[in-house]
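The values are calculated or read from the model by the stated rules, or taken from the named source; none is laboratory data. Computed from a predicted structure; not experimentally measured. Counting neighbours? That spans all protein chains shown, and the Cβs are built from the backbone with ideal geometry, glycine included. Accessible surface is based on the protein model in full, side chains and every heavy atom, while ligands, DNA and RNA are left aside. Shrake-Rupley method; radii C 1.70, N 1.55, O 1.52, S 1.80 Å.
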Amino acid sequence: MKPTGASHGFILVAVLWTIALLAALAIATSLSFRALATMTALNHDAGKADALLQAGLDLSADIIRQQGNLPLIAQTRVAVIGQGMLRIELSDEGGRIDINMAPREVLTSLFRSVGLSRATANLAAGEIDALRKPKDAAPALAQSIPASQPASTATPAAAAGKAESVQAFTDLRQLAQIVGITEGEIHALAPLATVFGDDKVNALTAPPDVLAALPGMNASLVQAVLAMRAHPALADAQLHQITGGAGTYLKSKSRPIGRALLTARLPDGYVKQVRAIIVVLPRDTEPYRVLEWTPVSPSPRI
């Protein structure tokens, strides 16, 4: 018996649906393979970028080691390694204001420099000062944000054998818990402050904005300190004479603690960037110690 028109129509529809299903499966398979290829490439690039960043860490530590007790002047270096490019922006963490150790009046002046009112700056500095006292439960703040510093890594002061107060902060972002300090102020404080410094700021490496944020400093004194750096051997004798009372918050010698902003870039546009804090200690069992290793940007293809 010959197929009817209805049967022909049914067969045609069935064939068309089969073709559509096969096409959909082919597209899905293609997308799956494409996604897998992309993920594999990203993982491969991430591995290459990590190798570049490790090289940057080693190079940064070597620069700090070569400085010895000399000032670690802010510097930028670019190197081509294999098919990748590595950028190192290195500066001295001791040239920033340590929110764990700086006197209360320094914190007040620091907060005023980024736009807080006198009343709010005083209140914030007082709250931080209270948290730093051993009798207070300072660790509660440190738990609010995962610490960038590895738990097994000693702070610079502890590693050097100095007595420490309570380290209330392990990350500047924890300042968001302080009354009156917003994300905007934390962003403004980032180049000025640290949690890896000392009770005094290194006058030979501090950026001008850090010097200007100290109590008693003005534009002419900042320029005088910058001019003094041309003769670092004379710094100890001249520092207090030049700066007067502001010299109380400054020092002219310290072993560098490096802040390295490391950027790895691959030929296909993949970029990965981290911030590392590095210390090289004399007679240490390790060639250097990493106090912080923090991704500071995504790793996109651009």
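A few points about this structure:
- For the condition open to solvent by less than 80 Å² (accessible area, probe 1.4 Å), outside any helix (DSSP H, G or I), among the hydrophobic types (A, V, I, L, M, F, W, C) and over 19 Å from Gly197 (Cα atoms), Leu53 does not qualify.
- Per the conditions (1) touching a Leu at 6+ places or on another chain (Cβ under 9 Å); (2) of a type in the set (D, E, K, R); (3) surrounded by 16 or more Cβ atoms within 10 Å (Cβ to Cβ), the sole criterion not satisfied by Asp209 is (3).
- When Thr182 is tested against (1) surrounded by fewer than 16 Cβ atoms within 10 Å (Cβ to Cβ); (2) in contact (Cβ under 8 Å) with a residue 60 or more places away in the chain, just one condition goes unmet, and that condition is (2).
- Hits in segment 167-191 (condition: acidic (Asp, Glu) and part of a loop (DSSP other than H, G, I, E, B)): Asp171
- Residue count for segment 185-206, restricted to those that are buried (at least 16 other Cβ atoms within 10 Å of the Cβ) and under 18 Å from Gly115 (Cβ atoms): 6
- Segment 77-95: number of residues that are open to solvent by 60 Å² or more (accessible area, probe 1.4 Å), among the aliphatic types (A, V, I, L, M) and in contact (Cβ under 8 Å) with a residue 12 or more places away in the chain: 2
- Leading residue by the ranking (farthest from Leu291 (Cα to Cα)) among those in segment 75-126 that are assigned to a helix (DSSP H, G or I) and out of contact with any helix residue (DSSP H, G or I) (no Cβ under 9 Å at 6 or more places or on another chain): Ala119
- Members of segment 106-129 found to be open to solvent by 10 Å² or more (accessible area, probe 1.4 Å) and closer than 11 Å to Pro215 by Cβ, listed by number: Thr108, Ser109, Arg112, Ser113
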